[in-house]
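Below: the structure, in structure tokens.
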Amino acid sequence: MVRFAARDDLARVNELRAQVHAVHAEGRPDIFYEESGPELKAYAENFLTEENKALIVAEREGIICGFACVELITKPASITCKERDFYAVHEFGVDKHLRRSGVGRELFAFIKADAKERGFDRIELNMWEFNESALKFYESVGFKTYRRYMEFEND
């Protein structure tokens, strides 16, 4: 089952977010702190309370095993780009013990339906290049790269 989260779900969501943070801290220790602090825990609460944001959870047998932090964004026009609306997935994660079991696909199906219901025909996210399993998942559900960030280490 996939649904919008309630305040009582935050503790479990933050346990899952800590798992995702650990993947990032291991993959890029030069960028991410080893531990997730209290600010990281407070971040998810914003998706329950702020307008145009939502926290979505997936459950199996009454236990939350996946989550997504999403936002409805209108990006204003600039001198080079047109105004555009999109449904942004800021965070997405599945319990490490249940990955590749269909939870992510169920969660994404809910996201697609919610975006469509709200009138958004574009869903966007960004991810870290080292996270190959996430890239494979996102590509498997239809995401395509349209922009790339690059870095040069000037030692």
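The values are calculated or read from the model by the stated rules, or taken from the named source; none is laboratory data. This is a predicted model, so every value here is computed, not measured. Neighbour counts are summed over all protein chains in view; Cβ atoms, including those assigned to glycine, are modelled from backbone coordinates with ideal geometry.
For the reader, a short list of remarks on this structure follows.
- Residue within the stretch 45-60 that is assigned to a loop (DSSP other than H, G, I, E, B), surrounded by fewer than 18 Cβ atoms within 10 Å (Cβ to Cβ) and over 16 Å from the mean Cα position of the chain (by Cα) present: yes
- Residue satisfying all of: in the stretch 14-53; of a type in the set (S, T, N, Q) and at pLDDT 90 or above; nearest to Asp114 (Cα to Cα) among these: Asn52
- Residues of the stretch 135-155 satisfying the condition of being modelled with pLDDT under 95 and either acidic (Asp, Glu) or surrounded by 15 or more Cβ atoms within 10 Å (Cβ to Cβ) (or both): Glu151, Glu153, Asp155
- Residues in the stretch 1-44 that are out of contact with any Gly (no Cβ under 6 Å at 6 or more places or on another chain), touching a residue at least 60 places away in the same chain (Cβ under 8 Å), part of a helix (DSSP H, G or I) and among the β-branched types (Val, Ile, Thr): Val23 only.
- Unmet requirement for Ile79, which otherwise passes all of (1) among the β-branched types (Val, Ile, Thr); (2) assigned to a loop (DSSP other than H, G, I, E, B); (3) touching a helix residue (DSSP H, G or I) at 6+ places or on another chain (Cβ under 9 Å): (3)
- Taken together, Met127, Met150 contain a single residue that is part of a loop (DSSP other than H, G, I, E, B), within 23 Å of Ile31 (Cα to Cα) and more than 17 Å from the chain's Cα centre (by Cα), which is Met150.
- Test: residue in the stretch 82-104 that is part of a helix (DSSP H, G or I), surrounded by 12 or more Cβ atoms within 10 Å (Cβ to Cβ) and β-branched (Val, Ile, Thr): yes
- Candidates Phe130, Phe110: the one that is touching a residue at least 60 places away in the same chain (Cβ under 8 Å) and under 29 Å from Glu51 (Cα atoms) is Phe110.
- Among the residues making up the stretch 61-72, those that are among the small types (Gly, Ala, Ser) and either surrounded by 14 or more Cβ atoms within 10 Å (Cβ to Cβ) or in a helix (DSSP H, G or I) (or both) are Gly66, Ala68.
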